[in-house]
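Take a look at the structure set out below.
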Amino acid sequence: MSAGEAVAGPDGALRCPWALSTADYVTYHDDEWGRPVHGDDALYERLSLEAFQSGLSWITILRRRTGFRSAFAGFEIAKVAAFTDTDRERLLADTGIIRNRAKIDATLTNARVLAEWAPGDLDELIWSHAPDPAGRPAPKTLTDVPAVTPESTALSKALKKRGLRFVGPTTAYALMQACGLVDDHLAACVARRP
């Protein structure tokens, strides 16, 4: 077996190797990552969490996700858009989340921008950048999985053009992976969709 291929987990099933370092990762990998996500609030949450993950490991965000949801009113766009300076200061002091000023400010700004969009616009915009699955062979190893694609670059540009922040091409691609726009589970992975 070469590096980066699917690896047998504790139950004997083959999985993407990144998923096996903790039980939290196994559950996230098997039940969420790469599964289609729709709805503006749900996509706003994923977009926000991917931005907070920038420069950190995903397990750091995953383990604080409950804290993030509590701090950011369940990532309901309308509620977060109404946050005040007092809420911002509360977030900056909240040990249950990543207290990065730029990421917090981007999350608040993005909610205010998205609150002005028509319902369904975020979902439509993001999903309009999903590549044709027939044109994407299943990755055999982790080296076959890109960090950025033309579609994620286009999505990043479209989000920025509409006023969103902290949405570079790498963050956009991570969002695409997490929300099922692409299926980057390895070919031999038990969680890969047929």
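Is one or more of the residues making up segment 105-123 among the β-branched types (V, I, T), more than 17 Å from Q53 (Cβ to Cβ), out of contact with any His (no Cβ under 9 Å at 6 or more places or on another chain) and outside any loop (DSSP other than H, G, I, E, B)? Walk me through it before giving the result.
Applying the first criterion (among the β-branched types (V, I, T)) to segment 105-123 yields 107, 109, 113.
With the extra rule that they be more than 17 Å from Q53 (Cβ to Cβ), the set shrinks to 109, 113.
Narrowing the set further to residues that are out of contact with any His (no Cβ under 9 Å at 6 or more places or on another chain) leaves 109, 113.
Still in the list and also outside any loop (DSSP other than H, G, I, E, B): 109, 113.
Yes, that holds for at least one residue.
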Flagged pairs (Cβ under 8 angstrom, 6 or more apart or on separate chains; first in segment 37-58, free of Cβ contacts under 8 Å to residues at least 60 places away in the same chain and closer than 17 Å to G168 by Cα; second open to solvent by 40 Å² or more (accessible area, probe 1.4 Å) and assigned to a loop (DSSP other than H, G, I, E, B)) are F52/N100
Checking G163 against (1) in a loop (DSSP other than H, G, I, E, B); (2) surrounded by fewer than 18 Cβ atoms within 10 Å (Cβ to Cβ); (3) out of contact with any helix residue (DSSP H, G or I) (no Cβ under 7 Å at 6 or more places or on another chain), the condition it does not meet: (3)
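When you go through A130, A106 one by one, which is the residue that is open to solvent by less than 20 Å² (accessible area, probe 1.4 Å) and under 18 Å from the mean Cα position of the chain (by Cα)? Working first, answer last.
Working: A130 fails: open to solvent by less than 20 Å² (accessible area, probe 1.4 Å).
That would be A106, the only listed residue that is open to solvent by less than 20 Å² (accessible area, probe 1.4 Å) and under 18 Å from the mean Cα position of the chain (by Cα).
In segment 140-152, what residues are of a type in the set (A, V, I, L, M) and surrounded by fewer than 12 Cβ atoms within 10 Å (Cβ to Cβ)? Talk me through it step by step, then tell me what you get.
Residues of segment 140-152 of a type in the set (A, V, I, L, M): 142, 145, 147-148.
Answer for segment 140-152, where residues must be of a type in the set (A, V, I, L, M) and surrounded by fewer than 12 Cβ atoms within 10 Å (Cβ to Cβ): just A147.
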Sole exception among (1) of a type outside the set (S, T, Y); (2) loosely packed, with under 13 Cβ neighbours inside 10 Å; (3) under 18 Å from the mean Cα position of the chain (by Cα) for P137, by number: (3)
Which count do you get for residues in segment 129-160 that are under 19 Å from C16 (Cβ atoms) and among the basic types (K, R)? 2
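Matching residues to (1) of a type in the set (S, T, N, Q); (2) surrounded by 18 or more Cβ atoms within 10 Å (Cβ to Cβ); (3) modelled with pLDDT under 95:
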{"position": "A3", "(1), (2), (3)": "no, no, yes"}
{"position": "A8", "(1), (2), (3)": "no, no, no"}
{"position": "T66", "(1), (2), (3)": "yes, no, no"}
{"position": "G74", "(1), (2), (3)": "no, no, no"}
{"position": "R88", "(1), (2), (3)": "no, no, no"}
{"position": "T95", "(1), (2), (3)": "yes, no, no"}
{"position": "P119", "(1), (2), (3)": "no, no, no"}
Output for segment 76-86, where each listed residue is assigned to a helix (DSSP H, G or I) and either open to solvent by less than 70 Å² (accessible area, probe 1.4 Å) or under 30 Å from A23 (Cβ atoms) (or both): I77, V80, A81
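If you go through segment 70-80, how many residues are farther than 20 Å from H38 by Cα and touching a helix residue (DSSP H, G or I) at 6+ places or on another chain (Cβ under 8 Å)?
Start the filter on segment 70-80 by keeping residues that are farther than 20 Å from H38 by Cα, which leaves 70-71.
Subset that is touching a helix residue (DSSP H, G or I) at 6+ places or on another chain (Cβ under 8 Å): 71.
Final tally of qualifying residues: 1.
The values are calculated or read from the model by the stated rules, or taken from the named source; none is laboratory data. From a predicted model like this one, the values you see are computed outputs, not experimental measurements. For neighbour counting, all protein chains shown are included, and Cβ atoms are generated from backbone atoms with ideal geometry for every residue, glycine included. Just so you know, the surface numbers come from the protein's heavy atoms only, side chains and all, with ligands and any DNA or RNA stripped out. Shrake-Rupley method; radii C 1.70, N 1.55, O 1.52, S 1.80 Å.
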